[in-house]
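A quick write-up on the structure given underneath.
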Amino acid sequence: MAPEPLAAFLERVRARVDEALERYLRKPPACPGIVGEAMRYSVFAGGKRLRPVLALATADAIERNAEPDAGHRFSGAGPGAVAGAGADAIDLALPAACAIEMIHTYSLIHDDLPAMDNDTLRRGRPTLHVVYGEGIAILAGDGLHAEAFTLLAREPAGDDPELTARKLRVLRVVGDAAGPMGMVGGQAIDLQAAGQAPGHAITLDADGLRAMHARKTGALIRASAVSGAIMAGAADAAVQAIDAYASDVGLAFQIVDDILDVEGDPASLGKSAGKDAAAAKPTYPSLFGIERSRQLATECLERAHQSLASAGLTSGWLEAIADWVVTRRN
Ligand code: GRG
């Protein structure tokens, strides 16, 4: 059982993430006003914060399921550090949660550009390039991408070797998920499948579609949960179970997104609907039909629950988050 309703947990965690993002994002004179403003326009545009929520809920689940005294107590943290005595798992995972949200936001900014998805509406507001122009939108995305890695290296501050080891592991996990092996690679396959890579078009079958999504959106979702687990000091078996859970949550998220693109209306989606069909993109509904797509999402959900249960990670919130991903508009 979750210790509080999911809605209350989401509100509490989102407030914490927003406060931290506000603190972490650079302001003038540290950076020129226009790029700072543009980054904030997109970061504070009302996203669901799914990835940070997953990171923090995972950290919390690891902390609450750990054997008494199994956790490492950090020492030697520098001035102002959160990683000193008393730091809880959520404190430890918060910088990674925010860094991943910065990377996610950069990916949406770039995805909306005319050279990619050419979208003018995101999170219910004009896309960044519509407001600031394409050049600044590209730079705001680049800025968020770079800032994310600076943040991962910097926070939580402290000189405990165990803390440094966890941060390094997370840097690698997030770098792999964001780069050509993950999100960038998936986006490249998507462009090829949509006929947007001249001379390099490909056709995706069901396995190809799944593999593309596993990279494009799944990798960062997995990295969110895995980073939360690593920062909380999870044992390897728990990290693997969390990875399996998040892999199914990520796939369910994408299947539901494809269904919403067919069935949703732009006002409630906060973005244009019907874009996939208009671009003749392969999607779960186009390959499997709506009913089978719903079944596939439900199967992902069941597997996600099983992964948690088999590792004894019954936090309540992680299960509820998986359910929310699948039913988010119903
Ligand atoms: C440009 C390198 C690069 C990558 C872009 C993630 C991505 C790759 C493109 C997004 C395209 C898209 C609309 C995919 C559908 C699933 C998705 C990631 C939706 C947006 O994520 P949410 O729903 O967004 O978590 P909010 O606004 O809630 O943060």
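Read the figures in this text as sums done on the coordinates, not as results from a lab. Predicted model, so just to flag it, every value in this text is computed and none were measured. Cβ sites come from the backbone with ideal geometry, for glycine too, and all protein chains shown count toward neighbours.
When the alpha-carbon atoms of the chain are used, the pair Rg, Dmax equals 19.4, 59 angstrom.
With contacts taken as Cα pairs under 8 Å at a separation of at least 6 residues, region 107-256 carries a relative contact order of 18 percent. Mind listing P(r) for region 93-141? All alpha-carbon pairs, 10 Å bins, whole percents. Taking all Cα pairs of region 93-141, the binned fractions are 28, 50, 19, 3 percent. Alpha carbon centre of region 1-62 versus region 178-228: separation in Å? Taking the Cα centre of each part, region 1-62 and region 178-228 sit 25 Å apart. Result for the chain in a Gaussian network model with C-alpha springs under 10 Å: among Ala304, Ala45, Ala229, the largest mean-square fluctuation is at Ala45.
Rounded to whole Å, the principal axis extents of the Cα atoms in region 139-183 read 34, 22, 7, largest first. Each stretch of four or more DSSP H residues adds -39500 (n - 2.57); spread over every residue of the chain, this sum gives -21000 deg cm²/dmol at 222 nm. By the Kirkwood approach, averaging reciprocal distances over each pair of separate Cα atoms, region 167-265 gets a hydrodynamic radius of 14.4 Å.
Only lysine pairs 8 or more places apart or on separate chains count here, and in the chain those with Cα atoms under 22 Å apart total 7.
Between Thr314 and Ala197, the distance separating the two model label sites (each 7 Å from Cα on the Cα→Cβ line) works out to 4.5 nm. Converting phi to 3J(HN,Hα) with the Karplus coefficients 6.51, -1.76 and 1.60 and the offset θ = phi - 60°, region 216-231 yields 5, 10, x, 4, 6, 5, 4, 4, 4, 5, 5, 5, x, 5, 5, 5 Hz in sequence order, with x at every glycine or proline.
Run through every distinct alpha carbon pair of region 78-226 and return the Kirkwood hydrodynamic radius in angstroms, one decimal place. Over region 78-226, the inverse of the mean reciprocal pair distance is 16.8 Å.
Using C-alpha pairs below 8 Å separated by at least 6 residues, the relative contact order for the chain is 22 percent.
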